[in-house]
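Reviewing the structure listed below.
Only the coordinates and a few stated rules stand behind these numbers; no lab work does. The shown structure was predicted, so the numbers you read here are calculated from the model rather than taken from an experiment. Here Cβ is always computed from backbone atoms with ideal geometry, including for glycine, and neighbour counts include all displayed protein chains.
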Amino acid sequence: MWDFFETLRRRHSVRKYQSDMPVEESTLHGILEAACAAPSAGDLQSYRMVVVTQPELRSELSASAEHQQFLAEAPACIVFCADTLRAESKYGVRGAKLYAIQDATIAAAYAQLATVASGLSTTWVGRFDEASVIGTLGLEQGLRPVAMLTLGYAAELPQDSVRRPMSDIVDRR
């Protein structure tokens, strides 16, 4: 098992997956457990995860995401939804508009790193039509999709991306 910083270094957005290699249920379970371990406002876990493995639904999600074809080709996709009503019940409007989104996003980040640590690859998808995803998945009122993660075994690894230097990002006072 890699250490945490090695996991960070190995994380890349992968858009080509091995179609003949499904994600094992035990591996998926571990990834979902990691997401559930993420911190959340008031420990409410104001999010819901929808695991999509059905090819037809992954194709519809791809169409909802401006036809990003890798969404249809990856063997699994997890859609992270903010549970706005759950957050609002404790924190009011700020809970619904901010905390639930933060909770879902943190859970997605944990899942992404757990995916890489498990030897799989992933891509974070944020560009999609929210209403279309809600319709495709039949999400109940108050669930707002905020991120989708594709999961699978990489068919190819992308080139390392150029990262901004820390001096451009970090301000110390």
Check: the range 10-155 dipole with +1 on Lys, Arg Cβ and -1 on Asp, Glu Cβ, in debye: 480
For peptides 43-53, 125-135, 158-168, sequence by mean Cβ density within 10 Å, most packed first: 43-53, 125-135, 158-168
For the range 10-155, share of DSSP beta bridges that run antiparallel, in % to the nearest 5: 95
Label-zone membership for the range 131-148, site residue 85, 7 angstrom Cα→C-beta point, backbone N under 17 Å: 134-135, 137-145
The range 42-112: GluC sites (Glu not before Pro) falling in loop per DSSP and having at most 14 other Cβ within 10 Å: 66
Positive dipole terminus of the range 1-149, leading residue within 59, 27, 40 (C-beta point charges): 40
Relative contact order for the chain, counting Cα pairs under 8 Å that sit 6 or more residues apart, in percent: 33
Placed amide H near residue 123: partners under 5 Å, 5+ positions off or other chain: 14, 150
Using θ = phi - 60° and Karplus 6.51 cos²θ - 1.76 cosθ + 1.60, couplings along the range 48-53 (whole Hz; Gly, Pro as x): 9, 10, 10, 8, 10, 10
Ranked list, fewest to most other Cβ atoms within 10 Å of each Cβ, for 78, 31, 169: 169, 78, 31
Cubic angstrom per residue, convex hull over Cα atoms of the chain: 142
Given charges at Cβ of Lys, Arg, Asp, Glu: the chain dipole, positive-most of 110, 99, 135: 99
